[in-house]
1. Which members of segment 153-184 meet the condition of being farther than 28 Å from GLU230 by Cα and without any contact (Cβ under 8 Å) to a residue 24 or more places away in the chain?
2. Does ALA201 qualify as being surrounded by fewer than 21 Cβ atoms within 10 Å (Cβ to Cβ) and assigned to a helix (DSSP H, G or I)?
3. Any chance you could count how many residues in segment 76-92 are part of a helix (DSSP H, G or I) and surrounded by fewer than 19 Cβ atoms within 10 Å (Cβ to Cβ)?
4. Among VAL168, VAL110, which is the only one that is β-branched (Val, Ile, Thr) and crowded, with 18+ Cβ neighbours inside 10 Å?
5. With the condition kept exactly as written, say whether any residue in segment 275-290 is within 19 Å of PHE135 (Cα to Cα) and either modelled with pLDDT of 95 or more or in a helix (DSSP H, G or I) (or both).
6. ALA190 passes all but one of (1) closer than 30 Å to GLN108 by Cβ; (2) touching a Pro at 6+ places or on another chain (Cβ under 9 Å); which number fails?
7. Only one of LEU147, LEU114 is closer than 16 Å to GLU13 by Cβ, modelled with pLDDT of 95 or more and either not in a helix (DSSP H, G or I) or not charged (D, E, K, R) (or both). Can you tell me which?
8. What pairs can you find where one residue is in segment 136-152 and polar (S, T, N, Q), the other is surrounded by 18 or more Cβ atoms within 10 Å (Cβ to Cβ) and in a loop (DSSP other than H, G, I, E, B), and their Cβ atoms are less than 6 Å apart, with a gap of 6+ or different chains?
Amino acid sequence: MKWEGNRESDNVEDRRGEDGGGGGGFGFGGRSIGLGTVAVALVASYFLGINPLTMLNLLSGGGSPAPVQQQAPSHKPSPNDQMARFVSTVLADTEDTWGQIFASNGKQYVRPKLVLFSGSTPTACGTGQTATGPFYCPGDQKVYIDLSFYELMKQRFKVSGNFAQAYVIAHEVGHHVQHLMGISDKVDAARRNATEKQANAMSVRLELQADCFAGVWAYHANQARHILEEGDIEDALNAASAIGDDALQRQARGVVVPDSFTHGSSAQRVTWFKRGISEGKVSACNTFAAKEL
C-alpha cells in the first residue's frame, strides 16, 4: 500500500503509556487478565451473544461497563513513530473519501477521532480494553485501537500487510459512517425488541455493511491517490476471512454455531468487502435489503 507522503490527520489522540499497565496480561479495572480469561470472554460472546467488553468486565470482578466521563491524558503521536504515522495517514484518507461522498449528497461529514491506547482507556462506552480489539464508540465518536492488535493479526491469524491493517481502521470508520447516517441507532432500537437470534442477525448485517463501507473507502482512495499495490486486496480479503465468526468459533472451540454469529461468516465478510471495493457506491452496501448475505 502506498501511503508515505500522503496527508496525516490531526484527529489522532495518543494515550499510550498513560495507564501504567504492566506485562503478562491485559489490564482491566486495576486487575490483570490473562489470555485464558480473554479466550473465555470471546467464546462467551460468540455463544451467548454478550459483548466481549461486558464479559471481560464481569470475569474480572467488575460490573457492566458504565459510561466514563473522565478524559484520559492524550497528546499527538511522535513524528518518528512510523506506525502512528501510518494510522494517521489512513484516517486522513478516510476523512477525504467520506468527506467527498457526504458532500456529493449535500451532507457534512463529521470527522471521528482515532485514539491510540495501550492496556485500557476510558471511553463514553465504558472502559476500552486491548483484549476487545479495535472498536468504535458512538458516544464520543471515536475509534479506539491498541496497535499491538496488528501483531496479534500476524501471530494468531497469519495476516499481515499495510492494506490489511488499513482495512481494520476503515471498518471501524464504517461504523462511524453508520452512526452519522442514523443506521446504527435504528438497529440498536430494533435489537431491543428482538429475540437473541434476531438481534444477532441484525448485528451481522450492521458489521457486513461496515465491511462494505471499508471497501467503498478503498475504491475511492485508490481512484484519487493510487494507494493500492499488487497483493493489497488479497491481504485485506485474508483479514476479512480470518475474522469471520465461523473461523473464530472453529479456532476457539472447534464448533460453529451460526445463530450466534454477530459479525458474519468469513465468506460473507469477503463478499461485502469485495462489493464495496468493486462498486464504490454506498448504495451497494445495503445489507439490510439483501435477501442473501
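1. MET181, GLY182
2. Working: surrounded by fewer than 21 Cβ atoms within 10 Å (Cβ to Cβ): yes; assigned to a helix (DSSP H, G or I): yes.
Answer is yes for this residue.
3. The first filter runs over segment 76-92 and keeps only residues part of a helix (DSSP H, G or I), leaving 82-92.
Now drop any that are not surrounded by fewer than 19 Cβ atoms within 10 Å (Cβ to Cβ), which leaves 82-83, 85.
Residues meeting the conditions: 3.
4. Values: VAL110 fails: crowded, with 18+ Cβ neighbours inside 10 Å.
None of the others qualify; the one that does is VAL168.
5. Filtering segment 275-290 for residues within 19 Å of PHE135 (Cα to Cα) gives none.
No, the conditions are met nowhere in segment 275-290.
6. Unmet for ALA190, out of (1) closer than 30 Å to GLN108 by Cβ; (2) touching a Pro at 6+ places or on another chain (Cβ under 9 Å): (2).
7. Numbers: LEU147 fails: modelled with pLDDT of 95 or more.
Only one candidate qualifies: LEU114.
8. GLN141/PRO112
The values are calculated or read from the model by the stated rules, or taken from the named source; none is laboratory data. Keep in mind the model is a prediction, meaning the values are calculated, not measured. All Cβ positions, glycine included, derive from the backbone under ideal geometry; neighbour counts span all protein chains shown.
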